[in-house]
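Any read-out appearing in this document is the output of simple, stated calculations on the displayed coordinates, not a laboratory observation. A quick note: this is a predicted structure, and the numbers were derived from the prediction, not measured. No Cβ is skipped: glycine too gets one built from the backbone with ideal geometry, and neighbour counts run over all protein chains shown.
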Amino acid sequence: MDTSILSQLATHFLAHPLAGVAILALVPPLLAAALGFLLRFSSGASAEPAERESAPTEREVVPEPETVPIAAEPERAPEPEPAVEPARLRDRLRRTSDALVGRVASLFNGRSLDADTLEELEAVLMAADLGVRTADDLLERVRRDAGEAAAVEALLREAMLEKLRSVELAPGTHLDTEAVPHVILVLGVNGAGKTTTIGKLAARHVALGRQVILGAGDTFRAAATEQLETWGERAGCDVIAGRAGGDPSAVAFDTVQAAAARGADVAIIDTAGRLQTKKPLMEELGKLVRVVKKCQEGAPHEILLVLDANTGQNALSQAKLFAEVAPLTGLILTKLDGTAKGGVIVGLADELGVPVKHVGVGEAVEDLRDFSAEEFVDALFG
């Protein structure tokens with residue numbers, strides 16, 4: 001502090017002693033207040049950083065908005081493929097229709113019914129593989145009842161329908177069974193489509209919820225067993241097979257026994273594709289039928305003969321010879337979609353009298369169709 005200021009204060013105190021005393025009295029409390037203020041200031045300044053270090057201010061946490069899960073759209077079931085309609089029988093029988101009905105229509109187009117046209121009609125009927133007996137019968141009906149050319153086609157239609165109705169089964173009975181297991185023997189020559197027909201027949205029974213066992217009785221053709229096993233896999237059927245070249249009757253016996261033991265509903269047994277001209281082989285077929293009869297009472301419940309429609313009138317001779325060995329219960333005509341000789345079915349009905357169970361008009365399972373006389377004739381005549 002400057003000395004001049006001190007000297008002035010001293011002079012002031014001396015001149016006014018009472019004021020000096022008052023000032024001196026105030027000095028101690030003022031100093032105490034100042035000292036207290038300094039102490040509080042210094043302690044507060046040092047405590048604030050420590051407090052901030054020990055308890056840092058928390059950041060305000062803003063809660064994230066709650067995510068509401070979006071419900072997943074339910075998976076749409078794949079749309080079923082549209083069912084493929086079976087080909088019209090009319091389309092599948094077109095070649096036979098053209099060879100028979102088409103030629104008849106052309107023959108009488110603008111012509112009268114006379115000896116010449118009747119002779120030409122006879123040739124048309126013979127060429128359609130109806131068989132001699134059936135062709136002669138149809139021709140005689142035309143001579144007797146037609147009266148005029150315009151009536152010939154309708155008369156032939158009614159006559160054929162009458163013959164075919166005599167060998168058709170009641171609708172819905174083509175796959176009926178009689179026992180458990182229901183035993184079916186399938187006969188036919190090589191190349192007739194026998195093994196393929198068995199596979200399709202098995203698939204149709206399986207589609208009805210039946211358990212089916214197949215017997216590979218064509219032991220003389222290795223490919224037949226392999227083919228039947230392939231069809232068994234497709235249809236979900238067990239296949240009983242023997243050794244190559246083994247006894248077909250043993251396979252038939254094992255098949256019936258296995259079907260009974262496993263509770264199968266149907267047993268279908270393939271047989272060797274014998275040529276009907278080989279008498280020893282046909283006799284062996286007779287043995288197989290006898291073995292099956294001994295294996296189960298009432299068996300076989302069906303003996304079906306598969307015929308290739310392409311063979312025409314030869315199919316009729318085959319059927320007659322097979323019928324001598326085994327009591328046929330039904331016929332199956334195959335390959336009708338690829339031949340002009342489908343008229344043989346009328347000759348078979350007329351001469352043999354054995355029910356026609358199925359007709360094959362293509363490669364698919366559904367192309368093995370239940371035979372209907374009216375449907376067949378409608379397809380021929382359009």
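Using the beta-carbon distance between A258 and D114 and R0 = 45 Å, what value does 1/(1 + (r/R0)^6) give for FRET efficiency, to the nearest 0.05? Don't skip to the answer; put the middle values down first.
Working: r = 65 Å, r/R0 = 1.44.
Efficiency for this residue pair is about 0.10.
Which FRET efficiency value, to the nearest 0.05, do you get for V132 and R157 by plugging their Cβ-Cβ distance into 1/(1 + (r/R0)^6) with R0 = 22 Å? Step by step, r from the Cβ atoms, then E = 0.60.
Quick check for me: using +1 on Lys/Arg Cβ and -1 on Asp/Glu Cβ, what's the dipole size of segment 303-382 about its Cα centre, in debye to the nearest 20? If you can, show how the numbers build up before the last one.
Details: 5 positive and 12 negative charges, 59 e Å.
Dipole size: approximately 280 debye.
Which value, in debye to the nearest 20, gives the size of the charge dipole of segment 199-321 about its Cα centre, when Lys and Arg are +1 and Asp and Glu are -1 at the Cβ? Provide the component values of the computation, followed by the final result.
Numbers: 15 positive and 14 negative charges, 65 e Å.
So the dipole magnitude of segment 199-321 works out to roughly 320 debye.
One-quarter of the Cα convex hull surface for segment 201-315, in nm²?
Working: hull surface 30.9 nm².
Here the figure is 7.7 nm², rounded to one decimal.
Projected onto the charge dipole of segment 214-277 (+1 at Lys/Arg Cβ, -1 at Asp/Glu Cβ, origin at the Cα centre), which of A258, G246, G232 gives the Cα projection farthest towards the positive end? Positive-most Cα among the choices belongs to G246. What percent do you get for the relative contact order of segment 274-382 when only Cα pairs under 8 Å and 6+ apart count? Reported as a whole number, the value is 21 percent. Here segment 181-205 and segment 343-373 have alpha carbon centers that stand 14 Å from each other.
In percent, what relative contact order does segment 207-350 have, based on Cα pairs under 8 Å that are 6 or more apart in sequence?
Computed over segment 207-350, the figure is 21 percent.
Summing Cβ point charges (Lys, Arg +1; Asp, Glu -1) relative to the Cα centre of segment 247-376 gives a dipole of roughly 580 debye. Working ranking of peptides 197-203, 291-297 by packing, defined as the average number of other Cβ atoms within 10 Å per residue, highest first, is 197-203, 291-297. Full extension of the chain between D145 and E374 gives 80.3 nm of extra length, using 0.36 nm per residue less the Cα-Cα distance.
Packing, taken as the mean count of other beta carbons within 10 Å per residue, orders the peptides 301-312, 338-349 from highest to lowest as 338-349, 301-312.
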